[in-house]
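Accompanying notes for the structure given below.
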Amino acid sequence: MKKIATLLVAASLVLLPAMLAWSQDNSNRAGSFEVRSASLTLVDGVQELDARLQLILSAEALKALNSGVILTVEFTLEVIRVKRFLPDDGEAELSLTYELEFLPISQRYIVRSLNSGDRDSFATLYSALNNLGRVESLPVIDDAVLKADSDYRIRLRASLSTRQYSAPFRFLFFWRDEWDLKSEWHEWPLER
Amino acid sequence: MASRTIKRLFYGVLGALGVALALFALYLLGETTDRTADLESQYINILFVNIVGVLALLALTVGNLWRLLGEFRNRQPGARLKARMVGMFVGLAVVPLVIVFYFSVKFINSGIDNWFSVEVEKGLDDAIALSRAAMETRKRNDLAMTVKIADRLTDVVPRRLIFELSMMRRESGASEITIFGRNSRIIATSSDRAASSLPSELKDEVLLQVRQNRLFVSFDELESEIRTAVPFASRTNREIIGVVQAHFPISERISAMADSVSSSFNDYKTALYYRDSLKRLFSLTLTVVLLLSLLGSIYGALVLSRRLVAPIEDLVAGTRAVARGNFDTRLSAPSRDELGFLVNSFNDMTQRLSTASRQATLSQSLVEAERANLEVILARLSTGVVSLESDLTIRTANPAASAILNVDLENKVGQSLPDISVGEPLLEQFVDVARVHLQDGETEWREQIVLRGEVGRRVLTCACTALPGDEETESGFVVVFDDITALLQAQRDAAWGEVARRLAHEIKNPLTPIQLSAERLRRRYLHTLEAGEAEVLDRATHTIVQQVEAMKEMVNAFSDYARAPDMDIDRFSLEALAHEVVDLYRAQESDVSIVLKIDANLPELEADAGRVRQILHNLIRNAIEALENETNGVIEVKIGSTEVLEVEAIQIVVADNGPGFQTGSVSQVFDPYVTTKPKGTGLGLAIVKKLVEEHAGTIDAENRDEGGAIIRIKLPVNEAAREAMTAMLPGRVEQRRERA
């Protein structure tokens, strides 16, 4: 029994530093992503998205951005066909991915769309995020694809993606709330 | 045995595979942590596998430790040794592992920290600052140039605006200059790009700043240019009517250097940002490695100790089994090492013990069989056999000994023979004789002993011999004795039979001529002689005839005694026969009272009715003759069922209240010509005895305590009982044979 107790104490001593190191840097400011408004407008047979999102980075994400880490913000839009007695069916899913980068010499923030390749630079993070959170007339889906006699609902969400990082870091970021930036689903019925 | 080997091989292969997989997973974990492998994306899966491995090992280890604790508490053989070995192994493994872990973490942390240095960081910061400063200078110059262009353009008439703008663009080295009017409308533009390309639009941030009457300048690293924007005033009233936006390209060399500095700075800062995470990552990987190694070591120690101790446990279990007497215990040899040698030696030992045990058991069973045979023989022997310790304690005794000495010696094994003999006259005399010899130091002696008891005397031929003993135990004696009373009696009976036969032959023949001669003398001379002489003749011839008749009777009696006709066995009612005989004597004898008592439910007797009738006649006549001079003579005749050594029999008891037998002659009352009566021939009871023995019955006589004599006869009830009694009393068979 004494030996077992000694063994447990030794294991605790071994694990304690790792646990302490793990629990460090947990006092960061939390960020938030929020979809303020969103709507689809039929323009020339194409449903176009207009949306306003408020994107506030957490202190940790901000620290990473200022340290040269490229952040990836992802907007996910889902078109769901509503069924009466059956589970709803996902008709289409659109993912808009943007990269946010800080350039140290010019001290400007770059917003780069991975979907279109468009990029723009901003003097402040605020203007970069503000620009990022403003979606205007973005073609989403051809209306002809949607069934005329069906009801659809649309939902939109913004999230800070960590997929681009290496797996070990993803594993570490997974356990940290500062990297878990994700808005609630903003959902509305498609008016046709 | 084979299944055990296969099982062990299976678990061995499984364990080796597990260890190989664990090592491979650890290797992959290390590789992915190092970010050099393509398996980086599988890091989480590999980590998960390793953590599952840790948990599995933890469960196995805890389970095994718990089992070991249970064994320790239950004081199972080998548990203490196993615990000691596990402790030793774990101690040997844990200390280096913890030390390695500690220093690994330390080295990794310091190694990662060494990637970063204040000097490098300061250099990069300075490089950034320098780049920024250089760009600031350039930006100021370009901004100043833009302001100058805007001022000069203010005075240009609209129709020459484009021309002047182009001139100024070329002079200033700008790649594009555009004049925006109100509402960001393009008034004029000049660009070194193709004419088809549109001029850059005015960005919100530019507009916002210019509307506040502020100058705008920024370095656009993406486009490798400096963008400036200044207000554009009206030529007439100097009112701000638009914006002049200019793009000044950065040379490729400077742009490349700026990109390089920027990239290096970002990489360094990114690495700096990842530093803590990297430390955690390596610490986590190391912790997993440590736990895997630690738990693997403990589990390995448990398995190894169990495997090492298993042969010892088997040996302990085998030894206990041998101690319990199970000599067939065989252990499987674990290996060819010293333990294997020990196990093989144990197996050899148990095999020899088993062989010895089997031989001992065989010998014991042979001895037991011999002993049982001997006991059967002794039990069936009519010869008494008593084995004694040197202090005359009974070691064994057979039933015949008990029967001869009239004491239950079989149930008194272990008791002292002299102590038992108290109150047992036959045994007492026997012990006295034996003691005399033993006190004289005679261990080998032979003697004929005459024992006198209440029912008569018994003649024993007795032989004693010393039993073989070893040096430690004192030797005893075995006394063999035979009751030869019956044999002597038979010899006597045979002698008497021979005498009777010769008497009948030698005496009876002349009697008839004597009688005839006497009767002739009487007939011829009685009437010729004078009265006096005639009377003498008459009396003499009468006496001769009378005595000849008497002699004839006597000779006939002897003849009857010597010659036994064939038995006529038949089933008949003894009750009726007894009534018939007794009634005959009741009618003849008025002075004697004859009482007949017969048990109810008396079975029929299977015997020679004539002989039984003669037995009853002789006994009653004998009793009547004994009561001749007695008044109030009473004869009691009792007939009932009985058993002789568990054989069904009928007992006939004839008792009288006469003078009884003479003291000392009780044992000879059945001898021929032994009588105490004046009229008796002395053959009555001898014939009775002979008839009884012909029926395999027993007869004994004694004096009654209240006076008188009593004779008891026990006759087997049927042929089967007769056979049984004949078998039990073999002496009778000999007698019967002799007499036959």
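Assorted remarks:
- The range A:131-174, residues that are free of Cβ contacts under 8 Å to residues at least 60 places away in the same chain, under 17 Å from residue A:77 (Cβ atoms) and either touching a His at 6+ places or on another chain (Cβ under 7 Å) or of a type in the set (Asp, Glu) (or both): none
- Among the residues listed as B:202, B:198, the single one being within 14 Å of another protein chain (Cβ to nearest Cβ) and part of a loop (DSSP other than H, G, I, E, B): B:202
- If the condition is being open to solvent by 90 Å² or more (accessible area, probe 1.4 Å) and more than 14 Å from every other protein chain (Cβ to nearest Cβ), then the range A:154-186 contributes A:177, A:180, A:182, A:184.
- Annotation note: Cβ proximity below 9 Å between a residue of the range B:308-325 that is over 13 Å from residue B:339 (Cα atoms) and a residue that is aromatic (Phe, Trp, Tyr) and in a helix (DSSP H, G or I) (sequence gap 6+ or interchain) occurs for B:318/B:346; B:319/B:346; B:322/B:346.
- Applying the condition of being assigned to a helix (DSSP H, G or I), among the hydroxyl-bearing types (Ser, Thr, Tyr) and open to solvent by less than 60 Å² (accessible area, probe 1.4 Å) to the range B:245-262 and asking which residue is nearest to the other protein chains (Cβ to nearest Cβ) yields B:262.
- Taking the listed residues B:440, B:408, B:432, B:419, the one that is of a type in the set (Asp, Glu), under 23 Å from residue B:375 (Cβ atoms) and either in contact (Cβ under 8 Å) with a residue 60 or more places away in the chain or out of contact with any strand residue (DSSP E or B) (no Cβ under 6 Å at 6 or more places or on another chain) (or both) is B:408, with no other qualifying.
- For residue A:125, the stated conditions hold: it is open to solvent by 20 Å² or more (accessible area, probe 1.4 Å), within 30 Å of residue B:138 (Cβ to Cβ) and away from chain B (no Cβ under 11 Å).
- Residues in the range B:676-704 that are modelled with pLDDT under 85 and not in a helix (DSSP H, G or I): B:676, B:677, B:678, B:679, B:680, B:681, B:682, B:683.
- Within the range B:68-90, being surrounded by fewer than 14 Cβ atoms within 10 Å (Cβ to Cβ) and either in a helix (DSSP H, G or I) or within 13 Å of chain A (Cβ to nearest Cβ) (or both) holds for B:70, B:73, B:80, B:84, B:88.
- When the range A:91-108 is filtered for residues that are more than 14 Å from chain B (Cβ to nearest Cβ), free of Cβ contacts under 8 Å to residues at least 24 places away in the same chain and open to solvent by less than 60 Å² (accessible area, probe 1.4 Å), only A:95 remains.
- Meets criteria (more than 11 Å from chain B (Cβ to nearest Cβ), surrounded by fewer than 16 Cβ atoms within 10 Å (Cβ to Cβ) and aromatic (Phe, Trp, Tyr)) for residue A:85: yes
- Residue check for residue B:712: at pLDDT below 85 and open to solvent by 20 Å² or more (accessible area, probe 1.4 Å): no
- All positions within the range B:345-394 that are outside any helix (DSSP H, G or I), over 17 Å from residue B:411 (Cβ atoms) and among the small types (Gly, Ala, Ser): B:382, B:390
- Residue list for the range B:334-344, restricted to those being part of a helix (DSSP H, G or I) and either on the phi > 0 side of the Ramachandran plot or surrounded by fewer than 14 Cβ atoms within 10 Å (Cβ to Cβ) (or both): B:338, B:341, B:344
- Hits in the range B:157-204 (condition: touching a strand residue (DSSP E or B) at 6+ places or on another chain (Cβ under 9 Å), open to solvent by 40 Å² or more (accessible area, probe 1.4 Å) and of a type in the set (Lys, Arg)): B:170, B:182, B:185, B:193
- Residue that is nearest to the other protein chains (Cβ to nearest Cβ) [pool: residues in the range A:109-122 that are hydroxyl-bearing (Ser, Thr, Tyr) and surrounded by fewer than 17 Cβ atoms within 10 Å (Cβ to Cβ)]: A:113
- Condition met for residue B:427 (open to solvent by less than 50 Å² (accessible area, probe 1.4 Å), on the phi > 0 side of the Ramachandran plot and touching a helix residue (DSSP H, G or I) at 6+ places or on another chain (Cβ under 6 Å)): no
- Qualifying residue in the range B:130-138 (condition: out of contact with any helix residue (DSSP H, G or I) (no Cβ under 8 Å at 6 or more places or on another chain), farther than 30 Å from residue B:228 by Cβ and loosely packed, with under 13 Cβ neighbours inside 10 Å): no
- Considering residues of the range B:262-286 that are small (Gly, Ala, Ser) and touching a helix residue (DSSP H, G or I) at 6+ places or on another chain (Cβ under 6 Å) only, the residue farthest from residue A:64 (Cα to Cα): B:283
- Meets criteria (at pLDDT 75 or above and of a type outside the set (Gly, Ala, Ser)) for residue B:560: no
- Residues in the range B:217-227 that are at the interface with chain A (Cβ under 9 Å from one of its Cβ atoms) and either without any contact (Cβ under 8 Å) to a residue 40 or more places away in the chain or open to solvent by 40 Å² or more (accessible area, probe 1.4 Å) (or both): B:220, B:222, B:223.
- Verdict on residue B:103 being loosely packed, with under 15 Cβ neighbours inside 10 Å, within 14 Å of another protein chain (Cβ to nearest Cβ), closer than 28 Å to residue B:290 by Cβ and in contact with a Phe, Trp or Tyr (Cβ under 9 Å, 6 or more places away or on another chain): no
The values are calculated or read from the model by the stated rules, or taken from the named source; none is laboratory data. The structure displayed is predicted, hence computed values, not measured ones. Every residue, glycine as well, gets a Cβ built from its backbone with ideal geometry; the counts of neighbours run over all protein chains shown. Ligands, DNA and RNA are stripped out before the accessible areas are found, and what is left, the full protein with its side chains, is counted by its heavy atoms. Shrake-Rupley method; radii C 1.70, N 1.55, O 1.52, S 1.80 Å.
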